[in-house]
Amino acid sequence: MVKKVAILANGGDVSGFNAVIRAIVKTAENNGVECYGFIDGYRGLLKNEYIQLSSANTASGILQKGGSIISSSTNANVFHYKVVDEEGNVTYQDLSEQCVQNVKDDGFDCIFTLGGDSTQKSARDFSLRGIHVIGVPKTIDNDVACTDITFGYNTAVSVATEALDRLHTTAETHHRIMVLEVMGREAGWIALESAIAGGADVALIPEIPYDIEKAAQAIKERQKIGKNFSIVVVSEGAFPKGGDVSIAHERDGGEGVINIQLGGAGEKVAKELEKLTGLTARCTVLGYMQRGGTPTAFDRVLSTKYGSKAMELALEGKFNVLTVIKNGKLDYVDLEEVVGNNKEIGAVQGGTKESNVRIVTMDHDLVKTARDIGINLGD
């Protein structure tokens, strides 16, 4: 029987982390299970740093709080971990067995992994090492496979929509093109849904390599009917036909982590549209504003549903799975299905050709709706 469990939050922070933690803790307590939290995601698992979580103190009053009370790590691939010796020499080592031993020594019956594609890839790899894991799908990009929606996404879309509402007044007042760059490396869910909700005229997403001339023509057509301003939403991973994504920074973080920081897609689009249309164009990069702060009511409920379901699965002995929403209902799928063909142990980076990342398909209702109401998708 499950008597002692631990939670780790991994990857970029999102609104809803704490709501999931709270739900797991409360459900655990109601069933006589002790609950703990590893500090700093997989790095905490490696260092064996954790705290006890209780609805009476450590996990109290956190439902509406953004971020994660147990922190999170974005670059800790314990299967290929960066080690620096006393002389400053850098090597990369597989330290996953130490993590496995920590879990066994601590007596944890199950580890809950709150994270996206990369986090769940590591969770699957640990399941092959004999650790009982249950994943909860987190990412504002909404690109985790096998689920209709991830927690944190709705809040990000709401923040982007509010930004568009504010940009509208400036665009109209000064007869400008206002470009909003939002997050979305591989998938354009945030850009597409916020564009619909925020009344944008153009939305450029990674799934559709764009022709800037087509976007400019849509803006010119607006000018012909007296609309001397336009709103454009651009995913950070959007790129032109025959071109590449815009890269802001590259690092040497080793294999199995994301070493490319995207940035500049919105500014690139703004400059080209200004040249092609004659209208002044300005770009706003929303950045981390999408991640932080108070979660929406939708995300609070979704996160709570995910957390309680995850603990229920543990009590039922259903391990090595991901909690999901399928057709609007709570369910679960095997982690093997989630990682797709990304089977190599330690190859944790998401967004590879082998990864089962959930992207926007051309037959999705959001794409059809956007086209129906005249949003130009750059094609």
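The values are calculated or read from the model by the stated rules, or taken from the named source; none is laboratory data. All values reported here derive from a predicted model rather than from experimental measurement. Cβ placement follows ideal geometry from the backbone for every residue including glycine, while neighbour counts extend to all protein chains displayed.
Assorted remarks:
- Take the conditions (1) of a type outside the set (Ser, Thr, Tyr); (2) in contact with a Cys (Cβ under 8 Å, 6 or more places away or on another chain); (3) more than 29 Å from Met289 (Cα to Cα); Val90 misses just one of them, which is (2).
- Qualifying position, being under 16 Å from Val103 (Cα atoms), of a type in the set (A, V, I, L, M, F, W, C) and surrounded by fewer than 24 Cβ atoms within 10 Å (Cβ to Cβ), among Leu63, Leu46: Leu46
- Taken across the stretch 225-233, residues that are among the hydrophobic types (A, V, I, L, M, F, W, C), outside the structural domain of Gly198 (by TED's automatic domain parsing) and out of contact with any helix residue (DSSP H, G or I) (no Cβ under 9 Å at 6 or more places or on another chain) do not occur at all.
- Checking each residue of the stretch 351-368 against the condition of being over 17 Å from Ala191 (Cβ atoms), among the charged types (D, E, K, R) and modelled with pLDDT of 95 or more gives at least one match.
- Thr139 fulfils the conditions (1) assigned by TED's automatic domain parsing to the domain that holds Cys99; (2) modelled with pLDDT of 95 or more except for a single criterion, (2).
- In this structure, Glu316 qualifies as acidic (Asp, Glu) and in the same structural domain as Ser15 (by TED's automatic domain parsing).
- In the set Val25, Val2, Val14, only one residue is part of a loop (DSSP other than H, G, I, E, B) and in contact with a Cys (Cβ under 8 Å, 6 or more places away or on another chain); that residue is Val2.
- If only residues of the stretch 22-37 that are in contact with a Leu (Cβ under 7 Å, 6 or more places away or on another chain) and not basic (Lys, Arg) are counted, the one that is surrounded by the most Cβ atoms within 10 Å (Cβ to Cβ) is Val25.
- Number of positions in the stretch 227-242 that are under 18 Å from Lys271 (Cβ atoms), surrounded by 14 or more Cβ atoms within 10 Å (Cβ to Cβ) and of a type outside the set (Ser, Thr, Tyr): 9
- For the stretch 115-125, the count of residues that are in contact (Cβ under 8 Å) with a residue 12 or more places away in the chain, more than 14 Å from the chain's Cα centre (by Cα), part of a loop (DSSP other than H, G, I, E, B) and not assigned by TED's automatic domain parsing to the domain that holds Leu279 is zero.
- Cross-chain or 6+ apart pairs with Cβ under 7 Å, the stretch 352-379 first and farther than 15 Å from Ile231 by Cα, then assigned to a helix (DSSP H, G or I) and at pLDDT below 95: Ser355/Asp117; Asn356/Val338; Asn356/Val339; Val357/Asp117
- Residues satisfying the stated conditions in the stretch 17-75, i.e. aliphatic (A, V, I, L, M) and under 17 Å from Gly135 (Cβ atoms): Ala19, Val20, Ile21, Ala23, Ile24, Ala28, Leu45, Ile70
- In the set (1) of a type outside the set (Lys, Arg); (2) surrounded by 17 or more Cβ atoms within 10 Å (Cβ to Cβ); (3) modelled with pLDDT under 95, the condition left unmet by Pro295 is number (3).
- Any hit, the stretch 92-113, residues being among the aliphatic types (A, V, I, L, M), assigned to a loop (DSSP other than H, G, I, E, B) and in contact with a Lys or Arg (Cβ under 9 Å, 6 or more places away or on another chain): no
- Just so you know, in the stretch 2-61 the residues that are in contact (Cβ under 8 Å) with a residue 40 or more places away in the chain and among the polar types (S, T, N, Q) include one that is nearest to Lys309 (Cα to Cα), and it is Thr27.
- Residue selected from the stretch 210-226 under the condition touching a residue at least 60 places away in the same chain (Cβ under 8 Å) and not in a helix (DSSP H, G or I), by the criterion surrounded by the most Cβ atoms within 10 Å (Cβ to Cβ): Tyr210
- The set of residues in the stretch 162-186 being on the phi < 0 side of the Ramachandran plot and not in a helix (DSSP H, G or I) consists of Arg176, Ile177, Met178, Val179, Leu180, Glu181, Val182, Met183, Arg185, Glu186.
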